[in-house]
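Below is one structure, written out as structure tokens; the observations come after it.
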Amino acid sequence: MPSTPESPPAAAADDDLSAAPYPLHLDVRGRRVVVVGGGPVALRRTEGLLRAGADVLLVAPQVCEGLGEHARSGSLTWRQGTWRADDLDGAWLVHTATGERDVDAAVAAAAEERCLWCVRADDAAASAAWTPSVVRRHDVTVSVTAGGDPGRARALRGALALALDTGALPLRRTRRGAGRVTLVGGGPGEQDLLTLRGRRALAEADVVVVDRLAPTSVLAELDEDVQVVDVGKTPDHHPVPQHEINRILVEAGRAGLRVVRLKGGDGYVLGRGGEEAAACREAGVEVDVVPGVTSAFAVPAAAGIPVTHRGLSRSVTVVSGHEDLDHETLARLEGTLVVLMGVSTLPALAAGLLARGKDPATPVAVVESGWTPRQRTTRAPLAQIAAVAAERGVRAPAVVVVGAVAALEGPVLAGPGAGPAGAQR
């Protein structure tokens, strides 16, 4: 949680830097920091210090509930009572937030005598140190002060946070350190459906291992020296097998590079993300996961189809068309069935469901190339869908929706450049 800014007093003129403060980040891990005061301001200071690993001594007659919880958990030491000068013995830093100006001034004076930096919450102009407005993203920390104007500092902090989150700022390391693999779900294909965290990971990347259905337009924003490895698969054609993809990720991570594995949808929804994460962990490579908007739900939505709808479907089952399906179990489902990678096996799916007693009139929709200008939706009853899809030349990538919701039509959530609904039938 960013701290509340306490900017230093403004200089005599905007261009007068003669008395500008000296910015510095402190490593307080395991070091004693004294907080005098027990209210909400002291709580904010304390929580920031605890996150930084400080050994916090809290001095106050009474404390607010949040500070009381920290004291009961043992994460800090609370000396109940009024402050004494010897509370500062052994301290590296002091924060005072009692709400009483005379007390804060006395604490600050005692700190000054001991050559300790003291942050005064009551009076920034009288303070020897200030807590800035802070933005933290992974290993990047940006501190902002704004000439004694906390509102201005907050506004700058927000703008910097947005620029970091969208990858607009240069986040790539110039010194090689520990490698890391980040598995990023890119969403259903439109660049603006990629999450902010995913964009930030791409801005940090030295290597991007990308699939065919990922939002590849975002690659144009990468630095020219970022290595892009295309491991895209097409139906029945896997030029780079999964074990080789795992090897690429592990070797790049072991080489100290930041690696993004970018794929369409969500890598943990029939995307083999779990296999890739396991391969990295087994090789001792740090790995983290950025979820994506799964095409199982987003592509039907693009065609105006909610996968659940009150009165029609209260559950949804997602399966892969490439796997051996239990048609008997699927035929008994009362909710929505969503099939990914199911175009080539659509005739077998329909025949299997019908043979196990599924109502031939059950609505089915096949949404091709969702969230792109080529988006098209084909609708027909279960008994006819295979023939209709063949007649229309339905091709992958597509998502198959089976159930009452497949008959719903709108409103359509078209992406930039997509037709209003794609062709419908």
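For this structure, a couple of remarks:
- Residue match in region 216-237 (condition: touching a Leu at 6+ places or on another chain (Cβ under 7 Å), more than 24 Å from residue 395 (Cβ to Cβ) and among the charged types (D, E, K, R)): no
- Among (1) assigned by TED's automatic domain parsing to the domain that holds residue 82; (2) outside any helix (DSSP H, G or I); (3) out of contact with any helix residue (DSSP H, G or I) (no Cβ under 7 Å at 6 or more places or on another chain) - the single one residue 104 does not satisfy: (2)
- Strands (runs of 3 or more DSSP E) completely within region 122-197 that count 1 or more residues being more than 17 Å from the chain's Cα centre (by Cα), touching a residue at least 24 places away in the same chain (Cβ under 8 Å) and at negative phi: 133-137, 140-144
- Residue that is farthest from the chain's Cα centre (by Cα), among those in region 23-50 that are charged (D, E, K, R) and within 17 Å of residue 77 (Cβ to Cβ): 32
- Residue 21 passes every criterion in (1) touching a residue at least 60 places away in the same chain (Cβ under 8 Å); (2) over 18 Å from residue 122 (Cα atoms); (3) assigned to a strand (DSSP E or B) apart from (3).
- Any chance residue 87 is surrounded by 13 or more Cβ atoms within 10 Å (Cβ to Cβ), within 16 Å of residue 46 (Cβ to Cβ) and out of contact with any Cys (no Cβ under 9 Å at 6 or more places or on another chain): yes
- Counted residues, region 8-31 - those being surrounded by 15 or more Cβ atoms within 10 Å (Cβ to Cβ), out of contact with any Phe, Trp or Tyr (no Cβ under 6 Å at 6 or more places or on another chain) and either polar (S, T, N, Q) or at pLDDT 90 or above (or both): 1
- Subset of region 151-198 [out of contact with any helix residue (DSSP H, G or I) (no Cβ under 7 Å at 6 or more places or on another chain) and among the basic types (Lys, Arg)]: 152, 154, 157, 173, 175, 176, 197
- Residues within region 290-332 that are surrounded by fewer than 19 Cβ atoms within 10 Å (Cβ to Cβ), more than 15 Å from residue 364 (Cβ to Cβ) and not small (Gly, Ala, Ser), tallied: 14
- Taking the listed residues 281, 261, 212, 247, the one that is part of a loop (DSSP other than H, G, I, E, B) and among the charged types (D, E, K, R) is 212, with no other qualifying.
The values are calculated or read from the model by the stated rules, or taken from the named source; none is laboratory data. Keep in mind the model is a prediction, meaning the values are calculated, not measured. Cβ atoms come from the backbone with ideal geometry, glycine included; neighbour counts cover every protein chain shown.
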